[in-house]
Structure formats: structure tokens, C-alpha cells
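Q: If you scroll down you'll find the structure; I have some questions about it.
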Amino acid sequence: MDNKLSKKPNRKELIYEIGLLMTALIWGSSFPIGKVALTYYSPLFLAMSRYLLGGIIIGIYLNKRIFSITKQQLLGGALCGVIFYFAYLIQIVGLQYTAPAKQSFLAALYVIIVPFLYWIVYKKKPDIYNFVAAILTLIGIYLLTVNGPGGFNKGDLITIFSSFLYAAHIAVIGYLVKRMDPIILTFLQTIIAGIIGLGFSLVLEPLPTEFPLMGILSVIYLTVFCTIIAYGIQVLCQKYISEMKTSILLCLESVFGTLLSVIFLNDPFTIIMLIGCIIIFIGILTSETKWEFLKKKE
């Protein structure tokens, strides 16, 4: 049994757990903040600015370490950056057509998808918990979208597609992070995603000519808090907290996203949708934890 699970949490562990909870809260807030940002800027501009600014800031932090990056690290970071960029771009496009409260749960589907992606790539068959989680999630999606206000719309479908890309991103990260410095990898994927976004923005649409205060603040929040601070807190805290607790705490991102969207954006939310969210959340917990934290300790 994992010692981090079996012993009583001390004060230091509690602080790290609160840190992961804050990470989930920040990531959850990105859904309503992203919806606000879309009223001022296009998805292309948001995807570009968030990652380009984030990559520059991380690069300043790395300083001279940038010059030690190898060709292999650059190739790995480029692959992650391409997937990273399109996953977020497609998600933010989907947010144009659906409610943040719905998208926060649909976006978390990557947790369910990853084991099946590993099955295809590494021939590692998912266990019974993964299959149960997939069934629960499908039921939850039906209740959340088909029976929700507006029914199942193209924004929901686009968001589900972005979840597949996020699942692919996790699989690639899982392979590369064992072979290179996580901070270097984070820098490379972020700055490359930003450069790709800059290229698409310059070619496909004119850059914004007006920068209202709310638009600027939303971009700064998505860049500094959701991209740099949240990932930094996660890396720091996950070093001292078990994978089981980490997955449970970070799963709350979808819950926070829904609650914040309903509270601050007055997103429509029915009892049926709530039941759908609960079922999806149970599916996520089932896939991530396999309910080990409820089993009798030896």
C-alpha cells in the first residue's frame, strides 16, 4: 500500500494538497474566463497569445539553460507543442458554441480516453475499471448534452474531439518526460505552440486593433495563472503527493469549472444536467483511482 496514502497526512502534506486543489480551481476558472475572452478576441488570437507569452516568460526563467537544449529535445518539444496548440485551439473554438458549464466536464474526458489510447499504441488492455468508467461517461454525456438546454450541439462535439487530442498529448508527455527535463519540455511545448499560433494568426486573420481592459485581463489571467502558475504548482506539489490523491484533487477541475460558470455567467443548469455531471465525475474517479482509496487497508 502506498505509504503516502496509508499514513495520516501531516501539515506539510496538507499544504501540498491545498496547492493541488488550487490548481484544479485555477484550471476550472479557465472555462468562464475563456468565454469572456472570446467576446473580445478570436480563438486563433487567444491560443497564440496564451502560449507565446507563457513560453517567453518560462524562457526568461530558464535563462542560459535554453542554450543547452539538444536536437532530440527540440523534436520532442515540437511534437508536444503541435498537439498542445491544436488541442487548446479546438477546445476554445468549441467554447464559442457551447456553455462553459458543459464544456468543463466534456473537456475532462481525456481521463477516460487515455487508457484506450494506450491500448491502441502500446497494446496494454484497459482494466474493468476503465470500461466501467467509459460506460458511465457515455451515460453522463447523454444526460449533460442531449437532455440539456440546446441539446447536443456542435460545440459539444468539437470539445469531445479536443479531448482526444489532450489524451494524445498526455500519452506523448508520459513518454518524453522520462527522457528529458520537465521544465525544458514545458518551455519547448509552450513556446512552439505559441509560434505556431503566431503563424496561423498572421496568415489567417488580421491581429486585433483594439485591446479593451477586460480582454487584456482575461488573456493575462489565462497566460499567467492557467498556464504558468497552475502548472508550476502542480509540478511542485505532485512531487510530494501520491498519484492517487493527485488525480482525485485535479479531477475537481471539472466541478469548479461548472460551478464558476453557473455562478458568474448564469449558465443554464438543470437537475438532469447535474445528474449527468455527477455520473461523469464518478466515471473520471473510477478511471483515475480505481477506488483504491476506499478499499480496506492491509
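Q: Of all residues in segment 98-143, which are of a type in the set (S, T, Y) and touching a residue at least 40 places away in the same chain (Cβ under 8 Å)? Break it down stepwise before answering.
A: Keep residues of segment 98-143 that are of a type in the set (S, T, Y), which gives 98, 104, 110, 118, 122, 129, 137, 142.
Answer for segment 98-143, where residues must be of a type in the set (S, T, Y) and touching a residue at least 40 places away in the same chain (Cβ under 8 Å): T98, S104, Y110, Y118, Y129, T137, Y142.
Q: Looking at (1) under 29 Å from V82 (Cα atoms); (2) small (G, A, S); (3) touching a Gly at 6+ places or on another chain (Cβ under 8 Å), which one does A171 not meet, given that it meets all the others?
A: The number of the failed condition is (3).
Q: Please pick out the residue among S247, S254, S218 that is surrounded by fewer than 21 Cβ atoms within 10 Å (Cβ to Cβ), among the small types (G, A, S) and in a helix (DSSP H, G or I).
A: Answer to the selection: S247.
Q: I'm trying to understand the selection: among the residues of segment 105-160, which are of a type in the set (S, T, Y) and out of contact with any Asp or Glu (no Cβ under 7 Å at 6 or more places or on another chain)?
A: Within segment 105-160, Y110, Y118, Y122, Y129, T137, Y142, T159 qualify.
Q: L260 - would you say it is in contact (Cβ under 8 Å) with a residue 60 or more places away in the chain, closer than 26 Å to G55 by Cβ, in contact with a helix residue (DSSP H, G or I) (Cβ under 7 Å, 6 or more places away or on another chain) and not aromatic (F, W, Y)?
A: Values: in contact (Cβ under 8 Å) with a residue 60 or more places away in the chain: yes; closer than 26 Å to G55 by Cβ: no; in contact with a helix residue (DSSP H, G or I) (Cβ under 7 Å, 6 or more places away or on another chain): yes; not aromatic (F, W, Y): yes.
Against the criterion (in contact (Cβ under 8 Å) with a residue 60 or more places away in the chain, closer than 26 Å to G55 by Cβ, in contact with a helix residue (DSSP H, G or I) (Cβ under 7 Å, 6 or more places away or on another chain) and not aromatic (F, W, Y)), L260 does not qualify.
Q: A further question on this structure: Just name the residue that is farthest from L138 (Cα to Cα) out of those in segment 260-292 that are surrounded by 14 or more Cβ atoms within 10 Å (Cβ to Cβ) and hydroxyl-bearing (S, T, Y).
A: S261
Q: Can you tell me which residue in segment 144-168 is farthest from F86 (Cα to Cα), limited to those that are of a type in the set (V, I, T) and touching a residue at least 12 places away in the same chain (Cβ under 8 Å)?
A: To start, the set of residues in segment 144-168 that are of a type in the set (V, I, T) comprises 145-146, 158-160.
In the following step, the residues that additionally are touching a residue at least 12 places away in the same chain (Cβ under 8 Å) were identified as 145, 158-160.
Numbers: T145: 23, I158: 12, T159: 12, I160: 13 Å.
Filtering first and then ranking leaves T145.
Q: Could you grab me the full set of residues in segment 182-215 that are surrounded by fewer than 20 Cβ atoms within 10 Å (Cβ to Cβ), of a type in the set (V, I, T) and either over 29 Å from N63 (Cβ atoms) or modelled with pLDDT under 90 (or both)?
A: Selection gives I183, V203, T209.
Q: Test G151 against the stated conditions and say whether it is more than 20 Å from the chain's Cα centre (by Cα) and not hydrophobic (A, V, I, L, M, F, W, C).
A: yes
Q: Hey, can you tell me all the residues within segment 137-188 that are in contact with a Cys (Cβ under 8 Å, 6 or more places away or on another chain) and among the aliphatic types (A, V, I, L, M)?
A: Of everything in segment 137-188, those that are in contact with a Cys (Cβ under 8 Å, 6 or more places away or on another chain) and among the aliphatic types (A, V, I, L, M) turn out to be L144, V172, I173, L176, L185, L188.
Q: Hey, does segment 70-89 have a residue that's modelled with pLDDT under 90, assigned to a helix (DSSP H, G or I), over 17 Å from the mean Cα position of the chain (by Cα) and surrounded by fewer than 24 Cβ atoms within 10 Å (Cβ to Cβ)?
A: no
Q: Condition first: part of a helix (DSSP H, G or I), at pLDDT 85 or above and not hydrophobic (A, V, I, L, M, F, W, C). Now tell me which residues in segment 116-141 satisfy that.
A: Y129, N130, T137, G140 - these are the residues of segment 116-141 that are part of a helix (DSSP H, G or I), at pLDDT 85 or above and not hydrophobic (A, V, I, L, M, F, W, C).
Here's the yes/no breakdown for (1) part of a helix (DSSP H, G or I); (2) of a type in the set (V, I, T); (3) in contact with a strand residue (DSSP E or B) (Cβ under 6 Å, 6 or more places away or on another chain):
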{"position": "I158", "(1), (2), (3)": "yes, yes, no"}
{"position": "S163", "(1), (2), (3)": "yes, no, no"}
{"position": "H169", "(1), (2), (3)": "yes, no, no"}
{"position": "I173", "(1), (2), (3)": "yes, yes, no"}
{"position": "K178", "(1), (2), (3)": "no, no, no"}
{"position": "L185", "(1), (2), (3)": "yes, no, no"}
{"position": "T190", "(1), (2), (3)": "yes, yes, no"}
{"position": "G194", "(1), (2), (3)": "yes, no, no"}
{"position": "F200", "(1), (2), (3)": "yes, no, no"}
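Q: For the list (1) closer than 19 Å to K35 by Cα; (2) free of Cβ contacts under 8 Å to residues at least 40 places away in the same chain, I need the number of the one condition that Y221 fails.
A: (2)
The values are calculated or read from the model by the stated rules, or taken from the named source; none is laboratory data. This structure is a prediction, so every number in the text was calculated from the model and none was measured. Ideal geometry is used to build each Cβ from the backbone, glycine not excepted, and the neighbour counts take in all protein chains shown.
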